[in-house]
Amino acid sequence: MSIIHRFCQLRHAGERAMQVHYDPQSIEREAQGFWDGAGSFRALEDASRPKYYCLSMFPYPSGKLHMGHVRNYTIGDVLTRYHRMRGKNVLQPMGWDAFGLPAENAAMANKVPPAKWTYDNIAYMKRQLKSLGFALDWERELATCRPDYYKWNQWLFTRLFRKGLAYKKTGVVNWDPIDQTVLANEQVIDGRGWRTGALVEKREIPMYFLRITAYAEELLAELERMSGWPEQVKLMQKNWIGRSEGVRFGFPYEIAGERKLLHVFTTRADTIMGVTFCAVAPEHPLALHAARDNPALAAFIAECRAGGVTEAEIAVQEKKGVATGLHVTHPISGGRVPVWVGNYVLMGYGDGAVMGVPAHDERDYAFALKYGLPINCVIRHPAGDDVPPPWRPEYAACGTCINSGKYDGLEYARATEVIAADLKARGLGDKQVQWRLRDWGVSRQRYWGTPIPIVHCPACGDVPVPDEQLPVVLPEDLVPDGSGNPLAKRPSFYQCACPSCGKPAQRETDTMDTFVDSSWYFARFCCPGNDRAMVDQRAQYWMPVDQYIGGIEHAILHLLYSRFFTRAMRDEGLLPGVSEPFSNLLTQGMVLAETYHRDSPEGRREWVNPAEVEVTRDAKGRIVAARRRGDGADVAYAGVGTMSKSRNNGVDPQALIDKYGADTARFFIIFASPPTQSLEWSDEGVEGSYRYLKRLWNYCVNFDRPGPAVAPGLRKATRFEIHSVLRQANYDLLKHQFNTVASAAMKILNALERLSAGRSEPVAVEGLSILLRLLSPITPHVCHRLWRELGFGSDIMQKEWPDPEPAALEQEEIDYVVQIGGKTRGNLRAPKAADQSALETLLKASELAQKYLMGKAIKRIIVVPGRLINVVV
RNA sequence: GCCGGAAUGGUGGAACUGGUAGACGCGCCGGACUCAAAAUCCGGUGCCAGAAAUGGCGUGAGGGUUCGAGUCCCUCUUCCGGCACCA
């Protein structure tokens with residue numbers, strides 16, 4: 001126990017009286033000053049040491065930190081500090097996801113430019129992050145709204161554009177007809193514009209897309225090898241990418257004497273003989289053609305244009321259709337097939353048209369019943385050869401073809417092969433792989449984002465801005481007014497010369513989706529200050545991120561876009577050999593709080609912040625009443641929900657830090673639930689965390705006081721307990737189950753207090769040194785201070801992480817659990833090394849046997865070594 | 001609607017790879033200290049019955065597998081996340 005020697009020496013060198021009361025404010029100020037002065041968190045590339053790049057998702061600078069941020073960064077900080085003490089060269093950076101819609105909304109509300117609002121928020125939130133004591137390397141800070149960052153968005157975009165990985169086509173947006181502006185999905189509430197209340201329409205406009213589908217196969221295949229990601233996230237991404245194998249083919253038709261094909265994709269080509277109609281999207285060219293002399297159809301298409309663009313909205317709307325009056329030819333039978341327009345057919349998926357096989361597809365079945373279309377059963381399914389209503393899932397099962405002419409008797413796989421071959425022979429189609437994943441539309445008709453670096457020239461077309469003219473700088477003095485993009489109203493921005501021919505041209509005024517910014521910031525953190533390249537060789541050292549931490553709500557979009565961008569950058573030669581940005585992913589749960597409301601006699605509901613509510617409990621601790629502290633008004637408890645403005649149940653981290661200090665906030669957040677689960681806020685729980693840190697402080701204050709002599713048995717038992725708890729805590733750390741690590745710290749303090757001994761007892765000295773180190777990633781300030789006060793050393797972070805000592809864990813005897821007849825009946829103390837027959841003998845001689853086995857025949861005895869004896873009677 | 005999760009005492013959660021359900025906290029009850037309060041400390045606390053010993057029940061609901069199920073399988077309910085322009 002060399003630590004005790006050093007401990008005693010240091011202690012004598014720096015003796016001074018310890019502050020009696022736990023004062024988090026002064027402790028935290030001093031510890032943060034120490035780290036700043038020592039440059040403790042500056043990360044330097046060092047090829048001789050194993051690196052650990054720990055990254056929490058950077059925040060949107062919305063104004064002030066919310067509890068979700070505190071949780072996210074505390075989790076990251078625990079990992080960072082743990083791995084430092086395990087000897088890794090750790091990088092933990094921080095930056096700002098600084099472009100986005102809220103800045104424009106705030107600008108409209110306050111008439112302040114988004115730039116000023118954003119920079120002010122960044123300054124405030126940075127102070128808050130610092131007060132929480134996170135081990136961040138602030139020299140790598142970045143903000144995506146700075147030209148030195150978004151320049152590289154533009155630079156990469158021009159590369160992708162020249163490669164064809166960025167291209168232009170039309171896309172569908174929400175259109176507010178009153179404000180004459182494009183709305184984000186969240187700005188559409190019940191189908192109406194949030195500011196105008198006007199019914200929102202779909203509108204097709206030209207936009208730029210990034211060809212993420214070019215990487216679909218790779219993005220899907222690599223998922224299988226990503227062992228550091230949660231299965232549920234990988235599964236969601238797999239389903240999102242949505243690879244399906246099927247047949248794409250055309251139904252021939254003639255229009256104005258011209259022979260054309262109506263293309264569809266199906267995974268059930270075996271049902272082709274059951275096709276009784278085709279359905280096309282309302283935006284499909286065939287629908288638009290037919291609507292020209294069909295007012296009813298035109299009205300239906302107009303009706304489909306109303307409403308939002310989200311998949312959820314489209315999925316829940318009533319499935320409706322109208323016949324176009326047009327027919328196409330069945331590619332095998334040659335029969336006439338009517339073409340309908342269906343509001344459930346998506347133009348963005350496949351060819352915007354589907355074949356209708358009512359007998360074997362639930363949606364087609366409902367559609368056919370509704371509009372009286374024929375239903376022809378062509379598959380023998382588990383429930384028979386017929387498909388009487390109501391719909392049963394068996395109808396969609398794969399089976400043998402019937403009523404299908406030459407295909408009769410073929411089963412699914414064979415039928416698909418033969419039919420695909422026949423279609424191919426006729427030049428109408430072939431087998432094809434289809435993806436659910438769509439290309440990424442990055443154009444936004446908004447001001448506060450990265451300008452898309454394209455110039456529209458009447459002579460040369462769309463010309464990418466040359467490197468020497470980058471960045472295209474976003475003016476920071478504009479204030480949007482809700483009626484479209486202010487950039488489009490500022491000639492000094494959009495008027496320019498064509499980079500190609502020099503003639504007058506117009507600059508693109510759309511900006512990029514903010515997901516572009518967040519798709520590569522992790523690589524930029526590796527290369528701060530480089531104004532000549534997007535990333536440099538320093539990224540080779542740090543990338544990929546070893547541990548990424550963020551909300552589960554990003555499971556698909558942000559993470560998939562980042563995986564795509566990393567590959568695009570790899571193929572651009574920027575990140576050689578790096579395909580996956582994040583080796584390990586931890587998805588944290590939401591932060592919840594209690595909700596209370598008060599309903600006025602007029603029926604208005606007012607949400608009351610939990611901080612203002614006082615509850616009354618019954619003898620068992622159940623909440624029986626709640627009232628508002630201010631006016632004593634009765635309020636109703638409405639369960640827990642995610643912290644939100646609308647339910648007024650947010651808890652301000654700043655108030656918490658001011659009252660209890662950062663360590664208490666960090667401890668509670670870690671202790672209250674495991675990182676991946678939702679966390680329920682509790683003021684009492686925070687009090688409990690504060691109480692624990694005070695207890696720890698008091699124990700250390702009294703550490704020098706002489707205590708009673710410790711009995712050898714208690715000494716051994718305490719040491720066993722502390723090392724057992726440590727072993728479990730180290731295991732839990734690897735699982736990222738930090739709440740039980742906090743519990744472990746509590747258990748160790750409990751054991752030390754039971755020991756009633758201080759400095760004179762080696763087990764107490766050893767136990768305390770383990771406790772402070774185990775706790776230091778969670779509550780770094782108080783552990784830093786106590787480590788120094790007690791003379792363990794000058795910097796706890798420089799000390800190695802504790803591991804249990806095998807000798808301390810040795811036991812000669814253990815308590816076996818005894819089950820008799822399926823019930824747990826007690827314990828049997830037995831030598832650890834006892835074998836089955838020895839245990840049986842011991843058991844039969846025990847009191848338990850006397851009590852529970854008298855007169856019973858033993859059928860079998862099952863022994864789980866080191867754990868349990870189960871007697872089957 | 002589709003995809004992915006979750007559900008354990010009054011409460012947050014714990015329980016190894018199928019092996020004593022409720023660790024560690026919070027709350028509540030009782031006690032110590034105090035003129036009193038706060039703070040702190042000590043003890044108790046799954047539910048039901050019982051004076052107790054003890055017995056029965058118990059991990060969202062219902063079935064199943066197993067010597068043994070919170071854990072594995074099937075069906076269902078409720079809640080949460082995502083659904084491509086919130087970030």
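If contacts are Cα pairs under 8 angstrom and at least 6 residues apart, what is the relative contact order of chain A in percent?
Computed value for chain A: 14 percent relative contact order.
Could you give the angle, 0 to 90 degrees to the nearest 10, between helix A:712-734's Cα long axis and the longest principal axis of the Cα atoms of chain A?
Roughly 10 degrees, rounded to the nearest 10.
Order A:351-357, A:461-467 from most to least packed using the mean count of other Cβ atoms within 10 Å.
A:351-357, A:461-467
When only DSSP loop residues count, what trypsin sites (Lys or Arg not before Pro) in segment A:653-742 have their Cβ near at most 13 other Cβ atoms within 10 Å?
Here the sparse-neighbourhood loop sites are A:LYS735.
Once both labels are modelled 7 Å past Cα along the beta-carbon direction, what's the A:LEU868-A:ARG192 spacing in nm?
Each label point is offset 7 Å from its Cα along the Cβ direction, giving 6.1 nm.
Could you tell me which residue out of A:PRO544, A:ALA279, A:VAL442 lies farthest along the dipole of chain A toward its positive end? Charges go on the beta carbon: Lys and Arg +1, Asp and Glu -1, centred on the Cα centre.
Farthest towards the positive end: A:PRO544.
List the pair-distance distribution P(r) of segment A:777-873, using every Cα-Cα distance, as the percent of pairs falling in each 10 Å bin from 0 up to the bin containing the longest distance, rounded to whole percents.
In order of increasing distance, the bins hold 13, 33, 13, 11, 16, 12, 2 percent.
Give the order of A:TRP607, A:TRP520, A:TRP440 when sorted by the count of other beta carbons within 10 angstrom, beginning with the fewest.
Starting with the residue having the fewest Cβ neighbours, the order is A:TRP607, A:TRP440, A:TRP520.
Dipole of segment A:93-196 (Lys/Arg Cβ +1, Asp/Glu Cβ -1, origin at the Cα centre): which of A:ALA143, A:TYR119, A:TRP155 lies farthest to the positive side?
Toward the positive end, the furthest listed residue is A:TRP155.
Taking only Cα atoms, what is the 0 to 90° angle, nearest 10, from helix A:147-163's long axis to the longest principal axis of chain A?
The helix A:147-163 is inclined about 40 degrees to chain A.
How big is the dipole moment of segment A:569-667 about its Cα centre under a simple scheme where the beta carbon of each Lys and Arg is +1, that of each Asp and Glu is -1, and everything else is neutral? Debye, nearest 20, please.
I would put it at about 420 debye.
Highest first, please rank the peptides A:117-130, A:697-710 by the mean number of other Cβ atoms sitting within 10 Å of their residues.
Those peptides, ordered most packed to least, come out A:117-130, A:697-710.
Which cross-chain or sequence-distant (5 or more) residues have an amide H under 5 Å from the amide H of A:VAL635, H modelled 1.01 Å from N in plane?
Here A:ALA626, A:ARG627, A:ARG628 satisfy the definition.
In whole Å and largest first, what semi-axes does the C-alpha gyration tensor of segment A:705-760 yield when each eigenvalue is scaled by 5 and square-rooted?
Listed largest to smallest, the semi-axes of segment A:705-760 are 26, 11, 7 Å.
Fewest Cβ neighbours within 10 Å first, please rank A:MET569, A:MET854 accordingly.
So the ranking, lowest neighbour count to highest, is A:MET854, A:MET569.
Between A:VAL316 and A:LYS859, how many nm apart are label points set 7 Å from Cα along the C-beta direction?
Reported label-point gap for A:VAL316 and A:LYS859 is 5.3 nm.
If packing is taken as the average number of other Cβ atoms within 10 Å across a peptide's residues, how do A:773-780, A:278-285, A:537-544 rank, most packed first?
Answer by packing, highest mean first, reads A:773-780, A:278-285, A:537-544.
In Å and on Cα atoms, what radius of gyration and Dmax does segment A:252-329 show?
According to the Cα coordinates of segment A:252-329, Rg and Dmax are 14.2, 40 Å.
Just name one of A:PRO338, A:GLN588, A:VAL322: the one whose Cα is farthest towards the positive end of the charge dipole of chain A (beta-carbon charges, Lys/Arg +1, Asp/Glu -1).
Of A:PRO338, A:GLN588, A:VAL322, it is A:GLN588.
Based on Cβ point charges of +1 for Lys and Arg and -1 for Asp and Glu, what charge dipole magnitude is obtained for chain A about its Cα centre, in debye rounded to the nearest 20?
Using Cβ point charges on Lys, Arg, Asp and Glu, chain A gives about 1320 debye.
Identify the trypsin sites (Lys or Arg not before Pro) of segment A:465-527 meeting these criteria: DSSP loop state and at most 16 other C-beta atoms within 10 Å of the C-beta.
Those that pass, being in a loop and sparsely packed, number zero.
Using only the alpha-carbon atoms, what does chain A span along each of its principal axes? Please give whole angstrom values in decreasing order.
106, 85, 69
Please go through segment A:215-296 and write out the trypsin sites (Lys or Arg not before Pro) that DSSP classes as loop and that have at most 13 other C-beta atoms within 10 Å.
Those satisfying the criteria are A:ARG225, A:ARG292.
How big is the gap, in Å, between the Cα center of segment A:150-206 and the Cα center of segment A:305-324?
Spelled out, the Cα-based centre of one part sits 19 Å from the other.
For the Cα atoms of chain A, what angle does the longest principal axis make with the long axis of helix A:2-13, in degrees from 0 to 90, nearest 10?
The two axes meet at around 70 degrees.
For chain A, what does the helix formula give at 222 nm: sum of -39500 (n - 2.57) over DSSP H segments with n ≥ 4, over the residue count, nearest 500 deg cm²/dmol?
-11000 deg cm²/dmol, from helical runs alone.
Bear in mind that the values in this text are calculations on the coordinates, not laboratory data. What you are looking at is a predicted structure, and each value in this text was computed from that prediction instead of being measured. Here the Cβ is made from the backbone with ideal geometry for all residues, glycine too, and neighbour counts use every protein chain on show.
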